Amino acid sequence: MLEDDTDVCGYLKRIRVKRPADVIIEQVSQLVTNGVLKPGQRLPSERALMERFEVGRAHVREALHKLELYGIVRTFPQSGTVVEKISVQTLERLVRGVLVMEDLTPQMLTEVRGVLEIFSAELAATRATPEQIADIRKACEDLAEQVQKGGDTLGEDSLFHIRVAEATNNVLLRSLIGLIQADVQRVSQQHGTYKHGRPQEAAKEHLRILEAIEKRSPAMAVEAMRHHIEMGRAQFHED
C-alpha cells in the first residue's frame, strides 16, 4: 500500500497541453510523411487552413512559420506555402524531429549551433549568390527595424540564420540549421535572453556577419559568427 502523497506522485506523468499551432504542425507533418503532400506541392491558403482547423490566423501563421524554420516548407509572397523541394527521405527525417525535442538544454543548442552555424557562415562567404546575399541583407535590415520598434526580434533573428544557411547551397546543412531554429527561439523565450540591450548587440553582430559574407572572406565570417554564438551563450550563463 502507498503510504503518502509522495509515493503516489511517483506514478504520475506530467500533462503536456498542446497548442493549436502544434496540432496543425502535427497534421501537416503527417501529410508529408504519408505522401499526401509531396516536395514542391503547395499547401492550402491560410484562409482555407483557418476554416478547416477552426482557429485564428495567428495560430496558422505560427505553425507555418515553425514548419519553415524546420526546413519542411517555404513561404513565397506571391505563391503561398509549398513543401520544400528536397528528397522524401530528408523530409521524413525533418518531420521526425518536429515537436520531440522538449528536453533540449541551452548548452546543447549552443554547442550544436557553434558547429553548424560557424561552418555555415564560412561556406556562405564563398558560395553565396548575389541574390542570396541580398536576402541576407534584407533579413539583417528587418531585424534592425524590429529592434527600433522595440518588438520581439526572435523571428527575425532566426530568419537571418536561415538565409545564411541557404547561402551555403547545401540543402542538408540548411535543413539541420532550420531544424534547431524553433528550439532556439523556444529556449530563448524561456530564459529571457533578449534583454539588457541584447537585441541591439545581436543586430550589430548580424551586420558584421553580413559584411564578411559580402567581402567573400571566410575567415572574417567564421570569426563574426563565432563571436555571435559566444555572445548568445553568455546570455544563458547570466540567466
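The values are calculated or read from the model by the stated rules, or taken from the named source; none is laboratory data. The structure displayed is predicted, hence computed values, not measured ones. We place every Cβ from the backbone using ideal geometry, glycine too, and count neighbours over all the protein chains shown. Heavy atoms of the whole protein, side chains included, go into the accessibility calculation; ligands, DNA and RNA do not. Shrake-Rupley method; radii C 1.70, N 1.55, O 1.52, S 1.80 Å.
Taking the listed residues 165, 134, 125, the one that is small (Gly, Ala, Ser) and in contact (Cβ under 8 Å) with a residue 60 or more places away in the chain is 125, with no other qualifying.
Considering each of 207, 179 in turn, give the residue that is within 25 Å of residue 39 (Cβ to Cβ), open to solvent by 20 Å² or more (accessible area, probe 1.4 Å) and touching a residue at least 60 places away in the same chain (Cβ under 8 Å).
179
Results for (1) more than 16 Å from the chain's Cα centre (by Cα); (2) modelled with pLDDT of 90 or more; (3) over 17 Å from residue 181 (Cα atoms), shown as yes or no for each residue.
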{"position": "17", "(1), (2), (3)": "yes, no, yes"}
{"position": "60", "(1), (2), (3)": "yes, yes, yes"}
{"position": "65", "(1), (2), (3)": "no, no, no"}
{"position": "73", "(1), (2), (3)": "no, no, no"}
{"position": "102", "(1), (2), (3)": "no, no, no"}
{"position": "107", "(1), (2), (3)": "yes, no, no"}
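Picking from residues in region 130-141 that are open to solvent by less than 50 Å² (accessible area, probe 1.4 Å) and out of contact with any Lys or Arg (no Cβ under 8 Å at 6 or more places or on another chain), the one that is modelled with the highest pLDDT is 133.
Residue 225: closer than 19 Å to residue 111 by Cβ, in a helix (DSSP H, G or I) and open to solvent by less than 10 Å² (accessible area, probe 1.4 Å), yes or no?
Working: closer than 19 Å to residue 111 by Cβ: yes; in a helix (DSSP H, G or I): yes; open to solvent by less than 10 Å² (accessible area, probe 1.4 Å): yes.
Yes.
Which condition from (1) surrounded by fewer than 22 Cβ atoms within 10 Å (Cβ to Cβ); (2) of a type outside the set (Lys, Arg); (3) outside any helix (DSSP H, G or I) is the one that residue 168 breaks? Among (1) surrounded by fewer than 22 Cβ atoms within 10 Å (Cβ to Cβ); (2) of a type outside the set (Lys, Arg); (3) outside any helix (DSSP H, G or I), residue 168 violates only (1).
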